[in-house]
């Protein structure tokens with residue numbers, strides 16, 4: 001049974017070369033790049049780090065927050081296209097990194113992009129995400145195991161019902177007069193003579 005589970009698991013892990021899988025994987029890549037959009041735009045438009053909106057918030061912060069929201073939308077939308085499961089790792093890493101950068105000032109740290117502490121935050125987010133992905137893989141394997149057990153049980157119940165119906169049909173056949181005569185050793189041909 002375990003071999004069947006592993007076989008099914010490996011079959012489901014195979015990536016189908018289809019347009020929908022390609023679209024889903026592309027959406028996940030875009031979702032990975034989006035949280036860094038503010039930094040990319042600041043390379044081309046440096047004033048985004050100094051200009052503020054009407055509320056007094058830097059424009060780069062507005063772009064960053066908006067891109068985080070869009071990233072979540074892209075991840076959810078990509079799941080409908082059956083992307084490669086391994087690509088989910090990258091949006092999770094970048095969003096973990098964004099959470100570390102966002103909450104670092106609460107803990108008394110100021111993370112600057114492409115500085116040593118930024119690379120350390122990236123390393124920490126990778127280290128946090130790796131066990132999460134391993135756990136998700138384990139959950140998927142357990143879910144597949146449960147599905148296999150459920151399929152086996154439903155197949156068994158179906159076969160038992162078929163056997164029960166066949167048993168009832170045979171019993172009803174035994175109760176007919178022809179079957180009674182055959183049971184007593186009298187054939188229908190002898191009775192007619």
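The values are calculated or read from the model by the stated rules, or taken from the named source; none is laboratory data. Only a predicted model underlies this, so the values are computations on that prediction, with no experimental measurement involved. For neighbour counting, all protein chains shown are included, and Cβ atoms are generated from backbone atoms with ideal geometry for every residue, glycine included.
Here are some notes:
- Wholly enclosed helices (runs of 4 or more DSSP H) of the range 81-193 bearing at least 1 residues modelled with pLDDT of 80 or more: 89-103, 116-174
- Residue satisfying all of: in the range 64-88; farther than 19 Å from residue 21 by Cβ and in contact with a helix residue (DSSP H, G or I) (Cβ under 7 Å, 6 or more places away or on another chain); surrounded by the fewest Cβ atoms within 10 Å (Cβ to Cβ) among these: 70
- Condition met for residue 40 (assigned to a helix (DSSP H, G or I), touching a residue at least 12 places away in the same chain (Cβ under 8 Å) and surrounded by 12 or more Cβ atoms within 10 Å (Cβ to Cβ)): no
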